[in-house]
Amino acid sequence: EAGVVQSPRYKIIEKKQPVAFWCNPISGHNTLYWYRQNLGQGPELLIRYENEEAVDDSQLPKDRFSAERLKGVDSTLKIQPAELGDSAVYLCASSLEAGDYGYTFGSGTRLTVV
Amino acid sequence: AQTVTQSQPEMSVQEAETVTLSCTYDTSESDYYLFWYKQPPSRQMILVIRQEAYKQQNATENRFSVNFQKAAKSFSLKISDSQLGDAAMYFCAYRSNYGGATNKLIFGTGTLLAVQP
């Protein structure tokens, strides 16, 4: 089993530029999460999908962030335009149903906005 | 809203010794899960151990065990026979079991564990 796959691993962009992150969850996991982890902090949920439906996006800054999960499998998180404060690690995770046994995380994308 | 607090930003332990990482949480709910995750420099969050709030017995996984005190809202992690590979950031996390919008992990700020040879 490949685990949760994320790309790219690192990304450096100038402010005001767009950026996109990709996540492929574990096969069969219907729930997918995007978390943001600021330096020295724990991860915080941005958006949660159940299959292709975004069921919790209350913490997603919708003026500049967007996400999609077509066909309920892989997912893309986009920022446009990026700001300096968006520098962080973006983690994707997946789980079966409600995740009673925890979530499986990918290795994340470290975004640096300069 | 639920919160998770880890009051030890850094801890250090000698190889083969035992170390305990602290975690407290605040909730008005009675049905929830608690987790400890390990995050090495590779950044991947790895599940270490899981505890259901309704189970009084403390969870154990090989060298890892927890001390779950529901009334005190405390959930500490004990690592026995520490190994160099245990060095990492450790996060305590809470998840409500009431479904819907509560299906999300709420993390503490983490404890950086160093293991000295």
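Could you tell me which of the residues B:Arg95, B:Arg63 is charged (D, E, K, R) and over 22 Å from B:Met11 (Cα atoms)?
B:Arg95
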Within the stretch A:68-111, considering residues that are within 14 Å of another protein chain (Cβ to nearest Cβ) and more than 19 Å from B:Gln44 (Cβ to Cβ), the one most open to solvent (accessible area, probe 1.4 Å): A:Glu97
Selection count, the stretch B:29-80, where residues are more than 12 Å from chain A (Cβ to nearest Cβ) and β-branched (Val, Ile, Thr): 3
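Scan the strands (runs of 3 or more DSSP E) fully inside the stretch B:1-48 and keep the ones with 2 or more residues being under 17 Å from B:Thr109 (Cβ atoms) and open to solvent by less than 10 Å² (accessible area, probe 1.4 Å).
B:32-39
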Yes/no for B:Asn97 being of a type outside the set (Asp, Glu) and surrounded by 22 or more Cβ atoms within 10 Å (Cβ to Cβ): no
Scan of the stretch B:81-113 for residues that are in a loop (DSSP other than H, G, I, E, B), more than 12 Å from every other protein chain (Cβ to nearest Cβ) and more than 15 Å from the chain's Cα centre (by Cα), ordered by number: B:Asp81, B:Ser82, B:Gln83
Some residue of the stretch A:70-84 being modelled with pLDDT of 90 or more and among the hydroxyl-bearing types (Ser, Thr, Tyr): yes
Some residue of the stretch B:78-88 being open to solvent by 50 Å² or more (accessible area, probe 1.4 Å), touching a strand residue (DSSP E or B) at 6+ places or on another chain (Cβ under 6 Å) and under 27 Å from A:Leu39 (Cβ atoms): yes
Where a residue in the stretch B:29-49 is over 12 Å from B:Ser96 (Cβ atoms) and its partner, wherever it lies, is surrounded by 21 or more Cβ atoms within 10 Å (Cβ to Cβ) and among the basic types (Lys, Arg), with Cβ under 6 Å and at least six apart: B:Ile46/B:Lys38; B:Val48/B:Lys38
Residue list for the stretch A:50-61, filter: within 11 Å of chain B (Cβ to nearest Cβ), in a strand (DSSP E or B) and not aliphatic (A, V, I, L, M): A:Glu50, A:Asp56
Residues of the stretch A:13-40 that turn out to be under 14 Å from A:Ala88 (Cβ atoms) and exposed (fewer than 12 other Cβ atoms within 10 Å of the Cβ), as a count: 2
Some residue of the stretch A:22-40 being within 9 Å of chain B (Cβ to nearest Cβ) and more than 14 Å from the chain's Cα centre (by Cα): yes
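The values are calculated or read from the model by the stated rules, or taken from the named source; none is laboratory data. Note that the structure is a prediction, hence the values are computed from the model and not measured. Every residue, glycine as well, gets a Cβ built from its backbone with ideal geometry; the counts of neighbours run over all protein chains shown. Accessible surface is based on the protein model in full, side chains and every heavy atom, while ligands, DNA and RNA are left aside. Shrake-Rupley method; radii C 1.70, N 1.55, O 1.52, S 1.80 Å.
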